[in-house]
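One structure is given below, encoded as structure tokens.
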Amino acid sequence: MRVQVQRVRCVSSVHHDSPGDAVPPPPEVLIRFEQVAKTYVTRDGVDVSALSGIDLSVAAGSVLGVIGRSGAGKSSLIRLINGLERPSAGTIKVGDAEVSSLDERALRHVRRRIGMIFQHFNLLSSRTVSGNIALPLEIEGRGRAASRARVGELLALTGLEDQRDRYPAELSGGQKQRVGIARALATGPSVLLSDEATSALDPETTRSILALLRRINRELGLTIVLITHEMSVIRAVADRVAVLEAGRIVEQGDVFEVFTRPQAEITRTLLAGEMGLALPAGLRAEIDTQPIPGGTAVLRIAFRGAHASDPIIARLARETGIEANILSGTVDEIAGQPFGSLTVGLPAGPDVVGRARAFLDAHGLVSDLLGYLPARSVEARRVA
Amino acid sequence: MSPEMIRLLLQATGDTLAMVAVAACLGTLFGLPLGIFLATSRRGELLAAPWLNGILGLVVNATRSTPFIILVVAIIPFTRLIAGTSIGLWAATVPLTVAATPFIARLVEAAIREVDSGLVEAARAFGAGPLTIIRKVLIPEALPGILLGLTLAVVSLLGYSAMVGAVGGGGLGDLGIRYGYQRFRPEMMLAVVVVLIVLVQAVQTIGERFAARLNRRVRRA
Ligand SMILES: Nc1ncnc2c1ncn2[C@@H]1O[C@H](COP(=O)(O)OP(=O)(O)OP(=O)(O)O)[C@@H](O)[C@H]1O
Ligand SMILES: [Mg+2]
């Protein structure tokens with residue numbers, strides 16, 4: 001595991017002692033998991049391993065997205081951060097506090113520095129919007145006047161001023177989640193945990209909630225850990241991503257890296273729909289992993305950064321004489337960087353695939369051979 | 001009906017209301033915390049104490065499964081200890097309270113367990129301890145349900161109060177039996193029944209109205 005040094009210590013560290021040192025200090029790690037495992041014991045005494053061998057660190061001020069299928073252990077992982085669950089092994093640190101070894105009473109104080117939002121909002125139906133936002137302040141024991149002022153700030157931040165005296169039953173899902181966010185921020189936490197906060201919302205509302213989270217991250221410098229089963233959520237807000245499968249982190253890194261060069265099979269699958277990486281449904285059914293005589297080789301080309309707008313297919317034809325046939329394609333932006341993906345069919349011919357890939361390689365493009373299609377499928381598609 | 005009978009009817013109505021009111025108040029005083037504890041002391045809950053929960057549950061069930069008239073007789077020594085006598089209006093409130101407490105406790109327990117566990121989880125995530133969660137989350141959220149439960153309890157107490165005539169408790173039931181049945185005055189029996197119907201209806205309406213006003217779970221125009 002990579003050892004990152006806290007910023008405070010970096011100041012006096014020998015590596016950064018020259019006054020004009022241009023090297024920025026490594027980002028301060030705010031949350032760190034070391035060899036964490038979580039095993040639940042069910043009522044019948046059966047062990048269920050939810051997480052194992054988790055090493056993870058989250059830099060202060062960054063947004064980490066954790067993605068995985070249902071049951072992968074996402075909720076378990078996020079709940080370990082604020083001690084709602086206790087690890088079976090390993091240590092978890094949030095700032096200076098080792099939450100994995102604190103008792104319940106001490107944990108309560110740490111939790112006041114960690115906000116949390118939920119898939120089903122978990123708002124008190126008996127309290128108005130203002131009353132819900134004030135709850136963590138009451139728990140903390142803040143005075144009425146100070147509390148009221150703070151609630152006012154949060155209503156403004158989340159755009160809920162007009163709803164302040166309404167009850168949750170009178171709000172839309174998006175408004176409820178805004179209340180959830182305002183409540184989570186009430187005590188001025190340094191970390192915000194989000195457990196599928198947009199999973200119960202429609203795409204439009206999801207976008208606005210994610211934009212709010214991003215703004216909070218930027219403006220308040222809040223560190224955010226959010227879990228989701230949708231790559232689009234990761235892409236909209238996260239700086240880094242960890243992919244969880246069957247209780248293990250199978251891949252983690254910068255969002256752009258992972259999106260454009262997914263390593264693990266599960267990551268590719270999760271990305272498939274999101275990134276236009278999937279073949280059109282009609283072709284997917286016919287694709288074969290073995291070469292087909294006279295058939296078409298299907299290649300997926302990923303364009304990263306500046307290449308995204310290059311007329312690469314035209315150049316391929318001009319420079320190698322290979323006339324690639326575009327089957328599907330998308331151009332997108334990930335973490336602020338352009339990224340495109342093009343699925344092409346290559347004509348049959350001696351070593352066409354090899355030459356095309358060599359050409360792409362030479363131009364710094366990553367390509368994947370997806371398989372082979374009978375010629376007629378591609379013909380039919382071209383006509384249509 | 002003669003003025004004398006009307007006087008008796010009024011007197012009996014007052015007695016019934018007094019008995020039921022005292023029993024309902026004391027029953028709530030004891031039943032509310034007991035119900036909250038029953039709901040929160042199960043395994044894995046806020047105040048987890050499965051053993052105590054089991055024992056209290058047993059006591060509650062035992063009391064609730066004893067027919068009221070047997071309970072009245074069975075606890076006469078206890079009644080005498082508390083009220084100084086075992087007959088009369090105030091003595092009758094003792095068995096009524098003893099019957100009301102576990103009944104109310106179970107109704108409160110059910111209302112508390114209806115509260116979405118996500119709310120408890122949220123409060124825990126914000127650093128609340130068990131007592132804070134009970135005070136700020138469970139009770140307010142369960143309040144409409146608790147009020148409906150109390151309404152049900154008061155209605156049942158009106159019924160029970162008719163039986164305490166057996167120990168000289170007085171009240172409407174006693175009047176109905178003594179005049180309506182034993183002295184064969186059907187108009188008295190009818191009057192008693194009508195008054196009871198009106199009382200039950202009033203209690204039910206008031207209780208439901210309060211519960212509805214407190215219930216913010218539904219959207220209202
Ligand atoms: N309290 C519990 N007792 C027993 N097993 C549990 C408990 N909580 C979770 N598990 C198990 O641990 C595994 C991981 O659960 P977890 O809730 O962390 O998954 P998840 O990734 O959040 O799934 P989802 O996307 O469906 O919310 C699952 O197999 C689940 O059945
Ligand atoms: Mg989950």
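Give me D for chain A in µm² s⁻¹, whole number, from Stokes-Einstein with Rh from the Kirkwood sum over alpha-carbon pairs, 25 °C and 0.890 mPa s.
104 µm²/s
Kindly provide the helix-only [θ] at 222 nm of the protein assembly as shown, computed as the sum of -39,500 (n - 2.57) over DSSP H runs of four or more divided by all residues, to the nearest 500 deg cm²/dmol?
Per the formula, -15500 deg cm²/dmol.
Which value, in Å², gives the accessible area per residue of chain A when a 1.4 Å probe is used on the protein heavy atoms?
Computed with neighbouring chains in place, this is 45 Å² per residue.
Most mobile of A:291, A:87, A:262 per a Gaussian network model of chain A (Cα springs, under 10 Å)?
Highest fluctuation of the listed residues: A:291.
Give me the aspartates and glutamates in straight-line cross-link reach of residue B:136: C-alpha distance below 17 Å, same-chain residues under 8 apart excluded.
Hits, sequence-local ones excluded: A:138, A:140, B:45, B:109, B:114, B:116, B:121.
Roughly how many Å is it from the Cα centre of region B:141-186 to that of region A:321-356, as a whole number?
Each part's Cα centre sits 85 Å from the other's.
Region A:166-203 to region B:36-89: how many Å between their Cα centroids?
Centre-to-centre distance over Cα atoms comes out at 43 Å.
How are the alpha carbon pair distances in region B:3-214 distributed across 10 Å bins from zero to the largest one, expressed in percent?
9, 30, 30, 20, 9, 3, 0
Is there a simple number for the mean count of other chain Cβ atoms within 10 Å of the Cβ of residues in A:34-45, and what is it? Provide the component values of the computation, followed by the final result.
On the way: counts 0, 0, 0, 0, 0, 0, 0, 0, 0, 2, 0, 0.
Taking the mean over all residues of the peptide, I get 0.
The values are calculated or read from the model by the stated rules, or taken from the named source; none is laboratory data. On a predicted model such as this, the values are computed, not experimentally measured, just so you know. Because the Cβ atoms are built from the backbone with ideal geometry, glycine has one as well, and the counts that use them run over all protein chains shown. Keep in mind that these areas ignore ligands, DNA and RNA; they rest on the heavy atoms of the full protein, side chains included. Shrake-Rupley method; radii C 1.70, N 1.55, O 1.52, S 1.80 Å.
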